[in-house]
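Encoded as structure tokens, the structure appears first; notes follow it.
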Amino acid sequence: MTPVFEDARLLPIRDKIEARERLTFDDGLTLYRTPDLLGVGWLANVVRERLHGDKTYYNVNRHINPTDVCVASCKLCAFGKTAKDPNGYTMSHEQLWERAGHGYTDAVTEFHIVGGLHPELNLEWYCEMLRGLKKRFPQVHLKAFTMVEIGYFAHRSKISHREVLERLKAAGMDSMPGGGAEVFSDRVRRIICDHKISGDEWLGVARIAHELGLHSNCTMLYGHIETEEDRTDHLIRLRALQDDTKGFQTFIPLAFHPENTSLDHLPKTTGFDDVREIAVSRLMLDNIPHIKAYWVMMTPQIAQIALRFGADDLDGTVVEEKIYRDAGGATSGNLRRGELLRLIREAGREPVERDTLYRPVERVESENVFTVLV
Ligand code: V47
């Protein structure tokens with residue numbers, strides 16, 4: 001059954017979706033500007049169900065942030081501290097390996113590892129950190145370092161992006177998260193994150209990672225000073241790279257949280273905006289398999305609704321998240337597996353526990369103890 005679209009501008013877009021044709025820049029703008037959110041969501045849900053049926057993915061993961069010391073001082077960030085800040089921290093290898101094991105059970109399948117751009121830690125320090133994790137937790141997938149961190153390691157070590165990636169891969173990096181992409185527009189980056197690598201460099205590092213066989217995710221930070229044109233351009237640039245490499249697994253739209261940042265005068269995104277962003281990305285990114293409604297950023301309630309607006313992934317249990325917590329996130333980290341299952345089932349979807357590469361994880365369940373079948 002086709003709904004009655006309130007906005008006739010959605011009709012040609014519906015025709016393209018039905019014909020599996022690629023949407024244009026102007027289509028993207030229409031999707032961002034129409035008040036007919038239900039129409040946009042209906043279309044995104046068609047694509048989501050075409051790709052995944054009712055399947056909704058989640059994983060059991062822990063975040064590890066080795067340091068919050070960062071040379072970048074981005075206006076968008078509440079996490080980074082200067083090297084002189086007495087409140088900054090840097091874990092020793094032993095502390096980090098011990099922290100990784102906190103509450104560790106065989107249930108954890110992924111460590112998500114990102115940190116500040118520390119002026120004194122060298123590449124070998126990060127390689128040793130990875131080797132130590134692999135030795136202690138050989139079955140855990142190490143999803144580590146944003147394209148921005150790779151750019152910084154290369155700059156500090158005076159070696160190429162490719163060489164940095166090769167050395168980290170040899171030390172145990174299995175794939176990469178999608179952070180640090182923000183919005184690719186140079187104008188926006190100059191204001192919100194002027195010391196970070198450019199959008200082109202971010203895409204360049206991702207291209208090399210994919211060429212080396214490393215999968216990655218990708219993100220977009222929205223809800224600050226960017227325009228609808230900037231958002232559409234960002235999605236189209238990700239789509240173009242994916243045409244070449246096929247290395248992106250998941251796109252994660254990240255709503256800007258202004259609290260404790262230099263942009264705290266900006267209002268927070270609304271539920272309408274968050275749900276629309278999920279739907280527009282599902283429709284524009286026709287070659288990226290998964291769209292993640294990151295519950296830590298959206299709240300579990302809105303993330304659950306997003307499962308009917310294009311999203312097929314909720315991220316995971318997210319033990320010990322810090323970046324959103326520091327930016328005033330109200331629901332930062334530590335959702336129990338049972339709660340994820342309840343959210344997914346109540347949305348009429350079928351939960352599938354996955355590993356980082358979207359292979360289903362089978363478990364024997366007995367009284368809250370989960371054993372991974374290998
Ligand atoms: O890189 C920083 C963003 C990212 C703020 O790949 C902020 O599976 C909002 O990338 N308000 C980190 N956003 C989170 C991230 C991520 C999360 C979950 C899963 C994956 C994945 C990746 O958060 C940063 C930056 O883009 N960020 N500060 C802020 N105040």
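Can you give the charge dipole size of the stretch 27-366 about its Cα centre, rounded to the nearest 20 debye, using +1 on the beta carbon of Lys and Arg and -1 on the beta carbon of Asp and Glu?
Dipole magnitude for the stretch 27-366 comes out near 420 debye.
Determine the percent antiparallel among the DSSP beta bridges restricted to the chain, to the nearest 5.
Percent antiparallel among DSSP bridges in the chain is about 20.
Would you mind working out the accessible area per residue for the stretch 113-210, using a 1.4 Å probe, and quoting it in Å²?
38 Å²
Relative to the longest principal axis of the C-alpha atoms of the chain, give the angle of the C-alpha long axis of helix 161-171, reported between 0 and 90° and rounded to the nearest 10°.
The answer is roughly 70 degrees.
Once the Cα atoms of helix 228-245 and of the chain are each reduced to a long axis, what angle between those two axes, in degrees from 0 to 90 to the nearest 10, is obtained?
70 degrees
Reachable lysines from LYS322, Cα under 27 Å, same-chain residues fewer than 8 places away excluded?
Cross-link targets: LYS75, LYS81, LYS84, LYS134, LYS135, LYS143, LYS169, LYS196, LYS268, LYS292.
Just from its helices, what would the mean residue ellipticity at 222 nm be for the chain, if runs of 4 or more DSSP H residues each count -39500 (n - 2.57) and the sum is divided by every residue, rounded to the nearest 500 deg cm²/dmol?
For the chain, the value works out to -12500 deg cm²/dmol.
Can you tell me the 0 to 90 degree angle between the C-alpha axis of helix 37-52 and the longest principal axis of the chain, rounded to 10?
Once rounded, one gets 60 degrees.
Just report the Cα centroid separation between the stretch 125-189 and the stretch 1-35, whole Å.
38 Å
Just the accessible area for ARG187, please: 1.4 Å probe, Å², rounded to the nearest 10?
100 Å²
What percentage of the solvent-accessible surface of the stretch 77-121, computed with a 1.4 Å probe over protein heavy atoms, is contributed by carbon and sulfur atoms?
On the stretch 77-121, the fraction of accessible area on carbon and sulfur atoms equals 51 percent.
Lone cysteines in the chain, going by a 4.7 Å Cβ-Cβ cut-off?
So, CYS70, CYS127, CYS218.
Using only alpha carbon pairs under 8 Å that are at least six residues apart, calculate the relative contact order of the stretch 27-366 and give it in whole percent.
23 percent
Under a 1.4 angstrom probe, counting protein chains only, how are LYS84, LYS55, LYS322 ranked by accessible area, largest first?
Greatest to least solvent exposure: LYS84, LYS55, LYS322.
When all protein chains stay in place, what accessible area (Å², nearest 10, 1.4 Å probe) is found for ASP54?
70 Å²
For LYS246, LYS292, give the ranking by accessible area with the largest first, probe 1.4 Å.
Greatest to least solvent exposure: LYS246, LYS292.
Measuring with a 1.4 Å probe in the full set of protein chains, what accessible area per residue, in whole Å², belongs to the stretch 9-106?
Result: 47 Å² per residue.
With a 10 Å radius around each residue's Cβ, average the other Cβ atoms per peptide and rank 334-341, 146-153, 18-25, 127-134, highest first.
Descending mean neighbour count gives 146-153, 127-134, 334-341, 18-25.
The values are calculated or read from the model by the stated rules, or taken from the named source; none is laboratory data. Because the structure is predicted, anything quoted here is derived from the model rather than measured. Cβ sites come from the backbone with ideal geometry, for glycine too, and all protein chains shown count toward neighbours. When the accessible area is computed, the model is the full protein with side chains, heavy atoms only, and any ligands, DNA or RNA have been set aside. Shrake-Rupley method; radii C 1.70, N 1.55, O 1.52, S 1.80 Å.
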